[in-house]
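In what follows, a structure is listed as C-alpha cells, so that the remarks can point back to it.
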Amino acid sequence: MADDDDFQSSSDLEGADCYFSDQDDVLEETVLQVLEDGREEDCHWSVSSVITKESLLAAQKEDLRKVMDLLALREQHARTLLIHYRWDVERIFELLEQKGKERLFSEAGVTTIQHKGLDLPDSSDPVECNVCFENVSRSTVTEMDCGHYYCNDCWTEHFIVKINEGQSRRIRCIAPKCNAVCDEAVVRNLVSARHPDIADRFDRFLLESYIEDNNKVKWCPSAPHCGNAIRVEGDIYCEVECACGLQFCFSCLSQAHSPCSCLMWELWTKKCHDESETVNWITVNTKPCPKCHKPVEKNGGCNLVACICGQAFCWLCGGATGRDHTWSSISGHSCGRFKEDQEKRTERARRDLYRYMHYHNRYKAHTDSLKQESNLKETIQGKISISENKESKIKDYAWVTNGLNRLFRSRRVLSYSYPFAFYMFGDELFKDEMTTEERELKQNLFEDQQQQLESNVEKLSMFLEKDFQDFSDDEVMDTMSHVINLSNVVDRLCKQMYQCIENDLLYPLQRATHNIAPYKSKGLERASELSLCWDSDQSMSVKTYPEDSYAQQNLTANGSGATLPGRHSVILHGSSSDESGCSSRKRARTDGLGGAARFDLNMPAEVVDKN
Amino acid sequence: MLDVSRVQKELMECNRDKAISGVSIVLHDGGSDLSHLSGTITGPVGTPYEGGTFQIDISLPSGYPFEPPKMQFITKVWHPNISSQNGAICLDILKDQWSPALTLKTALLSLQALLSAPEPDDPQDAVVAQQYLREYPTFVATARYWTEVFAKRTSVGIEEKVQKLVEMGFSEDLVKNTLESVNGDENMALEKLCSG
Ligand SMILES: [Zn+2]
Ligand SMILES: [Zn+2]
Ligand SMILES: [Zn+2]
Ligand SMILES: [Zn+2]
Ligand SMILES: [Zn+2]
Ligand SMILES: [Zn+2]
Ligand SMILES: [Zn+2]
C-alpha cells in the first residue's frame, strides 16, 4: 500500500515537469537530469577554499605577485593598492584601463613619483621637526616618499598610535591633507626599534588584511575560532563548509539557511528570539493526545506519534490519524496548508501571531526531527554492522547511509522552507510586489511542492527507522528499493522547490533582490585546502622572488602536510599565541560596526542547539 | 606622556599675535594643568556671531599631539555643527582628519572658519541644521539672538531680562517670544509689548 504511494508520487512528478510520454526510457530521463544539473551549476558556480594560518601568507603573495608584475611595483606599493581596492586584482586591472596609472595610484595613496629631497634643506644644519618643534640633527629625521619629513621620534609615536587604533593597513603621512600611505618598511623599522611587539602586530594586521579587507574571503565564524578563513571564487551567495566542519552561509556568516535568503533568515531568527521571550509555547515539547489528553512526547524523527493509550496522531496539527494507513493519511491530509481564517480572527495582531505560530511550529517540528534523526546515525551504524556480519547475500549497506544523508539534507531544506514561506507570502517583505490573487496562486504552487516533499521525507524517515537487521533478505531488498527510490524522489523535489523559488517566486519580483544559496544534491562540499593549488605555480614565484624565505618555508610545510611549529611562529609571529588568536577573534566581531551583534543575532538560544 | 614642551611652545606662539588672529589660549581656570586649557575665539565679522566672544574648553589626551585635542564650546552657540545643548563640535580635523602637525591655534582658527561657513550636510545639531536649510532668515535671527544673549560679556543674562519684563506684568511666554523676535534688545521688546 505504502509502496503504491511512493511510486505514485514519483511518477506524478516526472509527468509534471518533463515533456516525454509515459514510456520514456531511462536514458532520456538521465539526459534531462544532466542538462538540468549543468544549467544549474552554470549560474551558481562557486569554489571555496580554506585559508589556514599557514597558507594566508601564500594566498596574499599570490595576489601581490600579480599586481607587482603587471604594474612593476614594489611589494609595499602593491599591497597599499590591493588594500585600497579590497584585494580585487581584476578590479585593479579594470580601473587601470579606465583611470590610468596615475589616478589609480594617487587615490589609493601610492606615491611612486619621488618627491624626496624637495622640501628637506640640503645643508647639514639641524632641521626643525614640525611636530615636536625641536631642532634635530638630519640623521634622526626621516623623509617619506611624498617629501614630508619629521623626526624619527615623532614618526614612531604616530605609527604606534595608528597601529593601536587598528589602522595599520593605511597609515597616512603626518602632514595635514597628505594622502600618501607610509612606507611599510619605514614603519616596521622605526616601530620595532622601540616596540618589537607592536611591530609584530603591524605585520599581522597587514597579513590579515587579506581576510578583513576582502569581499571574497571571510573568517570562519566558528566559536572558539578554528583559525581558518574561507575564500570563495565565483558566486559568493553560497554555503560553505570549513575544514573544521562548520557549515555556514558565506554571505551572512550565520548557519546555512537556504532556501531562505539572508534577510529572511535574519528577520526570522530575530523574530523567533523576540517571540520566544513573550510567548512560551516554543519550549513546549509535548502535545496533548487528542483522545486521552495526556501529554505525549515525540521521540522519533517522523511526525506520526502514538500515545500510550493507543491513539496515533499527527504531530504537526495534533489531529488524530489512523494507525493502519499512517503515512498516507499524513500525506493526504492538508495540515501543511494554512488558510487564513478571517471570520474567526479579526484582530490583526492575533492573526499575525497565529500565522507565525503556524510556520514556526512546522519549522520547529522539522528542526527537532533533524535533531532526532542525527541520533539515528549511531543506531543505524549499529544495525549496519549487525547486518554485515549475519548470514546473508546482501553485504553492501551503503544505501542506508546514503539514504540517511539525503534525509538530513532534505529535512533541512524542508525546515528552512517554512520561514521562507512565512516571508514570501507574508506582508513584511513583498506586500506590494504581488496582487492577492497572484500571491494565492503562488502560495498554492509552493505549498503543493512543500507537501509532496514533506510526505516523502516522512516516508524516507520511516523506512530508515526500520529494524532491517532483523529482516529476511527479501524484506531487506524491499526496504532498500524504497529507500533508494525515496532518496531520488526527495532529491528531485528539493531541486524542484529551489527552481520554483528562483524562477517562479523570486525572479518576477521588481524591487527586492534575494539571493538564495543553491541546492546541492551531494551536500555542501568541504572547502579545499588552498595551499595545494598554489604550490603548482609557486616554483616559479620562489625563483623570481628569492628573498622571500617565508613563502618557501611555508610551501614546504603545506606541501608535506607536516606541521613545523617553529617556522609557523615565524610566519605569523604572534598569531599562534593565545593573546593574538583572541584578538583576531575579537576584531572579527567588532570591526564591522554592528558586527558586535552578529553572533548573538544569528544564533538565538533556540537555534543555536540545532546541531 | 603629554608633550609638555610642545604645549608650552604652542601657548606662547598662539598668544603672541592674539590681537590679530582673534584666538587665544590660557590654562583652564588659571590652574597649572597643561592638559586642561581654555580657548577663546571672536565671532567672525559679517556673520551672526559678530561681536561675540566664544569660550572653548580644551582637554589634551595623553597622546597629544598624536591624538586630537578634545574641544567643546562653553559659550552657548546656535550653529548647525555645534550642539545647542552641550557645545559638542562636529569638525573633521578634531576627529579622523587630525594631524600631529596641526596645532591648537590652527584648530581654533578652523573653529572660527566653521562659524563663517557652516556645513549643514554634516550636522551636529539636527534642529539647527534643518532651520539653516529651510528657514535661513529665522536661523540668522536666532544665531544673532544667541550671540547677543550668551556671547557678549556686557549683555545682561536673558533670565534677568525676562524676569524684569514679567515683573512689569507681561506673561512669561509672551516676553520670551518678543525678546527673541527683537534679538534680545530689552528696550525694543518693551516697546513692542506695550504697543501690541
Ligand atoms: Zn619631532
Ligand atoms: Zn606626506
Ligand atoms: Zn572553521
Ligand atoms: Zn546568509
Ligand atoms: Zn492518549
Ligand atoms: Zn516513525
Ligand atoms: Zn497534520
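The values are calculated or read from the model by the stated rules, or taken from the named source; none is laboratory data. Note that the structure is a prediction, hence the values are computed from the model and not measured. Neighbour counts run over all protein chains shown; Cβ positions are idealised from the backbone, glycine included. Accessible surface is based on the protein model in full, side chains and every heavy atom, while ligands, DNA and RNA are left aside. Shrake-Rupley method; radii C 1.70, N 1.55, O 1.52, S 1.80 Å.
Between chains B and A, what is the buried accessible area in Å², counting both sides, with a 1.4 Å probe and ligands, DNA and RNA left out, to the nearest 100? Don't jump to the answer; show the numbers that get you there.
Working: alone 10530 and 30510 Å², together 39950 Å².
Interface between B and A: roughly 1100 Å².
Determine the shielding of peptide A:153-159 by partner chains: average, over its residues, the number of Cβ atoms on other chains within 10 angstrom of each Cβ. Could you put the intermediate results ahead of the total?
On the way: counts 1, 6, 1, 1, 7, 6, 1.
Across A:153-159, the average partner-chain Cβ count within 10 Å equals 3.
Lysines near B:K152 by alpha-carbon distance under 28 Å, same-chain residues fewer than 8 away left out - which ones?
Filter leaves B:K18, B:K70, B:K76, B:K105, B:K161, B:K164, B:K176, B:K192.
Among the listed pairs A:K270/A:K495; A:K291/A:K377; A:K383/A:K466; A:K395/A:K520; A:K287/A:K495, which have their C-alpha atoms separated by more than 21 angstrom in this model?
On the way: A:K270/A:K495 28 Å; A:K291/A:K377 33 Å; A:K383/A:K466 10 Å; A:K395/A:K520 29 Å; A:K287/A:K495 33 Å.
Among A:K270/A:K495; A:K291/A:K377; A:K383/A:K466; A:K395/A:K520; A:K287/A:K495, the Cα-Cα distance tops 21 Å for A:K270/A:K495; A:K291/A:K377; A:K395/A:K520; A:K287/A:K495.
Over the range A:53-113, average the accessible area per residue using a 1.4 Å probe and give it in Å², no decimals. Could you put the intermediate results ahead of the total?
Details: 2750 Å² over 61 residues.
Here the residues of the range A:53-113 average 45 Å² of exposed surface.
What is the spin-label model distance, in nm, from B:E13 to A:I386 if the labels are put 7 Å beyond Cα along the C-beta direction?
In this crude spin-label approximation the distance works out to 8.8 nm.
With all protein chains present, how much of the accessible area of chain B (probe radius 1.4 Å) comes from carbon and sulfur, to the nearest whole percent?
Values: 5130 of 9970 Å².
C and S fraction of accessible area: 52 percent.
Figure the gain on full extension for A:D352 and A:R74 (residue separation times 0.36 nm, minus the Cα-Cα span) and round it to one decimal in nm. Each step should come with its number before you reach the end.
Working: separation 278, 0.36 × 278 = 100.08 nm, distance 6.10 nm.
Stretched out fully, the A:D352 to A:R74 stretch lengthens by 94.0 nm.
Work out the P(r) tail for the range A:51-167: percent of alpha carbon pairs separated by more than 20 Å, whole number.
Working: 3830 of 6786 pairs.
Looking at the range A:51-167, the distances longer than 20 Å represent 56 percent of pairs.
With N set to the residue count of the range A:53-113, report its C-alpha Rg divided by 2.2 N^0.38 Å to two decimal places.
Numbers: Rg = 11.2 Å, N = 61, 2.2 N^0.38 = 10.5 Å.
Rg over 2.2 N^0.38 Å, computed on Cα atoms: 1.07.
Does the range A:461-527 classify as rounded, prolate or oblate by the C-alpha gyration tensor (a ≥ b ≥ c root eigenvalues; a/c under 1.5 gives rounded; else a/b over b/c gives prolate, otherwise oblate)? It would help to have the intermediate numbers written out before the result.
On the way: a/c = 4.50, a/b = 2.86, b/c = 1.58.
In terms of gyration-tensor shape, prolate.
Return the subset of A:K216/A:K364; A:K459/A:K522; A:K271/A:K371 for which the Cα-Cα distance in this structure is over 31 Å, preserving the input order. Write down the numbers at each step before the final one.
On the way: A:K216/A:K364 33 Å; A:K459/A:K522 20 Å; A:K271/A:K371 22 Å.
Over 31 Å Cα-Cα: A:K216/A:K364.
Of all the Cα-Cα pairs you can form in the range B:58-98, what percent are over 13 Å apart? Let's see the in-between values first.
Working: 431 of 820 pairs.
Within the range B:58-98, distances greater than 13 Å cover 53 percent of Cα pairs.
Please name the residues of the range A:161-181 whose accessible area, counted over protein heavy atoms with a 1.4 angstrom probe, falls by no less than 30 Å² between the chain alone and the full protein assembly.
The answer is A:V161, A:I174, A:P176.
When ranked by the protection proxy of mean other Cβ atoms within 10 Å per residue, highest first, what sequence do the peptides A:232-242, B:24-34 form? Present the calculation step by step, with values, prior to reporting the outcome.
On the way: A:232-242: 18.8, B:24-34: 13.8.
Going from most to least packed, we get A:232-242, B:24-34.
How would you classify the range A:352-506 from its alpha-carbon gyration tensor, with a ≥ b ≥ c the square roots of the eigenvalues: rounded for a/c under 1.5, else prolate if a/b is greater than b/c, otherwise oblate? Mind dumping the intermediate values first?
Numbers: a/c = 3.69, a/b = 2.46, b/c = 1.50.
Prolate, because a/c is 1.5 or more and a/b exceeds b/c.
What is the Cα coordinate range of the range B:10-122 on the first, second and third principal axes, sorted by size from largest, in whole angstrom?
In descending order, the Cα extents are 34, 30, 25 Å.
Evaluate 2.2 N^0.38 Å with N set to the residue count of the range B:154-195, then give the Cα radius of gyration divided by it. Could you put the intermediate results ahead of the total?
Values: Rg = 9.0 Å, N = 42, 2.2 N^0.38 = 9.1 Å.
So the Cα radius of gyration is 0.99 times the expected 2.2 N^0.38 Å.
For the range A:352-506, what does the relative contact order come out to in percent, with C-alpha contacts under 8 Å and a separation of six or more?
32 percent
Report D for the range B:103-196 in µm² per second (integer): Stokes-Einstein, Kirkwood Rh on Cα pairs, 4 °C, 1.567 mPa s. Display every interim value, and only then the final one.
Details: Rh = 15.1 Å.
Roughly 86 µm²/s, to the nearest whole number.
Taking 8 Å as the Cα distance limit and 6 or more residues as the minimum spacing, I'd like the relative contact order of chain B as a percentage. All intermediate terms of the calculation are to be shown ahead of the outcome.
Values: 317 pairs, mean separation 32.5, N = 196.
It comes to 17 percent, rounded to a whole number.
Across peptide B:98-108, what mean number of C-beta atoms from other chains lies inside 10 Å of a residue's C-beta? Don't skip to the answer; put the middle values down first.
On the way: counts 1, 10, 12, 12, 5, 3, 0, 0, 1, 0, 0.
Going residue by residue through B:98-108 and averaging, the value is 4.
Contour minus end-to-end for A:D274 and A:K66, with contour as 0.36 nm per residue of separation and end-to-end as the Cα-Cα distance?
Here the segment from A:D274 to A:K66 would lengthen by 70.0 nm.
If the chain between A:C244 and A:E102 were fully stretched, how many nm would it gain, using 0.36 nm times the residue separation less the Cα-Cα distance? Working shown, then result.
On the way: separation 142, 0.36 × 142 = 51.12 nm, distance 4.38 nm.
Gain on extension, A:C244 to A:E102, equals 46.7 nm.
Sorted by average packing, counted as other Cβ atoms within 10 angstrom per residue and highest first, what order do A:262-273, A:407-418 take? Before the final figure, lay out each step's value.
Working: A:262-273: 19.2, A:407-418: 23.4.
In descending order of packing, they fall as A:407-418, A:262-273.
How many partner chain Cβ atoms sit within 10 Å of a residue's Cβ in peptide B:8-15, on average, as a whole number? All intermediate terms of the calculation are to be shown ahead of the outcome.
Values: counts 1, 3, 1, 0, 0, 1, 0, 0.
The mean count of partner-chain Cβ atoms within 10 Å per residue comes to 1.
Could you work out the relative contact order of the range A:46-157, using alpha carbon pairs under 8 angstrom and six or more residues apart, expressed as a whole percent? Please report the intermediate quantities before stating the final value.
On the way: 98 pairs, mean separation 18.2, N = 112.
RCO, the range A:46-157: 16 percent.
Can you run the Rg to Rh ratio on chain B? Use alpha carbon positions and the Kirkwood inverse-distance Rh. Write down the numbers at each step before the final one.
On the way: Rg = 18.8 Å, Rh = 18.1 Å.
Ratio of gyration radius to Kirkwood radius: 1.04.
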